[in-house]
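Written out below as structure tokens is the structure these notes cover.
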Amino acid sequence: MKVSIIGAGLMGHALALVFAIGGHRVRLTDNNPAALARAPSLMEKARATLDGAGEANGLTEAGLRERVTLHESLAETVADAGLVIEAIIEKPEVKRALFAELDPLMPADTILASNTSYLDAFPLMPPGRLKRAILMHWYTPPYLVDLVDLVGSPECAPELVEQVAATLRAMGKVPLVMRRFLPGYLANRIQSALSGECYRLMDEGYATPQEIDAAIIHGLGLRLLLLGQMAKADFTGLPLSAQALANGMYQPPPPRRNSETLDRALAEGHTGVMAGRGLYDWGGQDPEALLAERDRRLLALKRAIKEIGPMAGLEDKKT
């Protein structure tokens, strides 16, 4: 399949690598020349890390250059594309303008996909495109995180969504087909609830970032990684879950619109790993080296999970 990706930033260049590893030819564009120029180096660093772990599907540096081509022209990027993926900023009017510009440039049978997290992009698309429009939401970094949320527009045939899901499965991904659009899908909604409580614990002085992460990594994480949350409840015993709810141990606070801890970090210019400091002080380490180390560890974890294998009955046959 000929795949076109609009946006070469954090997600766009990584998606180009994912599809290249999957054997597809990819055209990549961005209206920011600097972002487009930086994409090959970022893709190659990630490819080399994957190759070192035997996860690049035989894709070489030369093969990556052949399969992913850069284009300044939007028309050239989407010409005769079977699948066009929009991976730009999460702002409705910017997306609406892009979709309007794309509409006359794409073949009539092109599948139009939007990599959006919380935004319902269907009302932003030209009505004539909705029969072949989907939301295709990936997680960072998509070359390591296999989950992909898929939602067809109200006018899109289920068979087309399943066609896309089958393509993703063939690439080793785990598509989760949603019945209808829900902001944040499943994983991001659960993560948002977790994040809200974490920021509350920090703001109110109950815990440091390090203590919260220790609780997650050494407590929640080990069991959730293998069992998820609902199967874990079965192993613990549902009477305990019912009693915990009845006791009212946890009272959800009002939705948080900001965090003092987060606001303070941002005001001081501590925006995360790329700035050398966020909620953690990364000690002047090279951001690209930190990202590579994260990828190496995630790959080792994925290999271990694959060797362990899933619990019987835990896999959803639809994924």
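The values are calculated or read from the model by the stated rules, or taken from the named source; none is laboratory data. Remember, it's a predicted structure, so these values are computed and weren't measured experimentally. Using ideal geometry, Cβ is built from the backbone for each residue, glycine included, and neighbour counts are taken over all protein chains shown.
State whether the residues of the stretch 114-121 include one that is under 18 Å from residue 74 (Cα atoms), crowded, with 19+ Cβ neighbours inside 10 Å and touching a residue at least 24 places away in the same chain (Cβ under 8 Å). Scanning the stretch 114-121, I find at least one residue that is under 18 Å from residue 74 (Cα atoms), crowded, with 19+ Cβ neighbours inside 10 Å and touching a residue at least 24 places away in the same chain (Cβ under 8 Å), so the answer is yes. Going by the conditions given, is residue 278 surrounded by 14 or more Cβ atoms within 10 Å (Cβ to Cβ) and in contact with a strand residue (DSSP E or B) (Cβ under 6 Å, 6 or more places away or on another chain)? So residue 278 passes the test. Would a scan of the stretch 154-163 turn up a residue that is touching a helix residue (DSSP H, G or I) at 6+ places or on another chain (Cβ under 6 Å), β-branched (Val, Ile, Thr) and crowded, with 19+ Cβ neighbours inside 10 Å? Checking the stretch 154-163: not a single residue is touching a helix residue (DSSP H, G or I) at 6+ places or on another chain (Cβ under 6 Å), β-branched (Val, Ile, Thr) and crowded, with 19+ Cβ neighbours inside 10 Å. Taken together, the criteria place residue 149 among residues that are at pLDDT 95 or above and touching a His at 6+ places or on another chain (Cβ under 6 Å). Scan the stretch 234-260 for residues that are of a type in the set (S, T, N, Q), modelled with pLDDT of 90 or more and over 29 Å from the mean Cα position of the chain (by Cα) and the total you get is 3. Filtered by the rule that a residue be among the hydrophobic types (A, V, I, L, M, F, W, C) and surrounded by 11 or more Cβ atoms within 10 Å (Cβ to Cβ), the stretch 252-275 gives 262, 265, 266, 273, 274, 275. A single member of 275, 267, 292, 231 is modelled with pLDDT of 90 or more, under 30 Å from residue 41 (Cα atoms) and of a type in the set (Gly, Ala, Ser), and it is 275. Out of curiosity, is residue 57 of a type outside the set (Ser, Thr, Tyr), under 28 Å from residue 306 (Cβ atoms), in the same structural domain as residue 152 (by TED's automatic domain parsing) and not in a helix (DSSP H, G or I)? So residue 57 passes the test. Collect the residues in the stretch 139-176 that are under 14 Å from the mean Cα position of the chain (by Cα) and among the basic types (Lys, Arg), keeping them in residue-number order. Selection gives 173 alone. A count restricted to the stretch 285-319 and to residues that are surrounded by fewer than 11 Cβ atoms within 10 Å (Cβ to Cβ) and in contact with a strand residue (DSSP E or B) (Cβ under 9 Å, 6 or more places away or on another chain) stands at 2. A single member of 196, 205 is over 22 Å from residue 306 (Cα atoms) and either outside the structural domain of residue 279 (by TED's automatic domain parsing) or outside any helix (DSSP H, G or I) (or both), and it is 205. The condition (being in a helix (DSSP H, G or I), within 23 Å of residue 21 (Cβ to Cβ), aliphatic (A, V, I, L, M) and modelled with pLDDT of 95 or more) is satisfied by just one residue among 75, 165, 100: 165. Which one is surrounded by the most Cβ atoms within 10 Å (Cβ to Cβ) among residues in the stretch 103-113 that are in contact with a Gly (Cβ under 9 Å, 6 or more places away or on another chain) and not in a helix (DSSP H, G or I)? If we take residues in the stretch 103-113 being in contact with a Gly (Cβ under 9 Å, 6 or more places away or on another chain) and not in a helix (DSSP H, G or I), then 111 is surrounded by the most Cβ atoms within 10 Å (Cβ to Cβ). Those helices (runs of 4 or more DSSP H) of the stretch 211-319 in which at least 3 residues are under 30 Å from residue 177 (Cα atoms), in contact (Cβ under 8 Å) with a residue 60 or more places away in the chain and not acidic (Asp, Glu), considering only elements entirely within it, cover 222-227, 287-308. List pairs: first in the stretch 89-107 and among the β-branched types (Val, Ile, Thr), second modelled with pLDDT of 95 or more and part of a helix (DSSP H, G or I), Cβ under 9 Å, 6+ apart or cross-chain? Every condition considered, the pairs that remain are 89/95. When we screen 21, 85 for residues that are in contact (Cβ under 8 Å) with a residue 60 or more places away in the chain, surrounded by 22 or more Cβ atoms within 10 Å (Cβ to Cβ) and within 19 Å of residue 291 (Cβ to Cβ), the only hit is 21.
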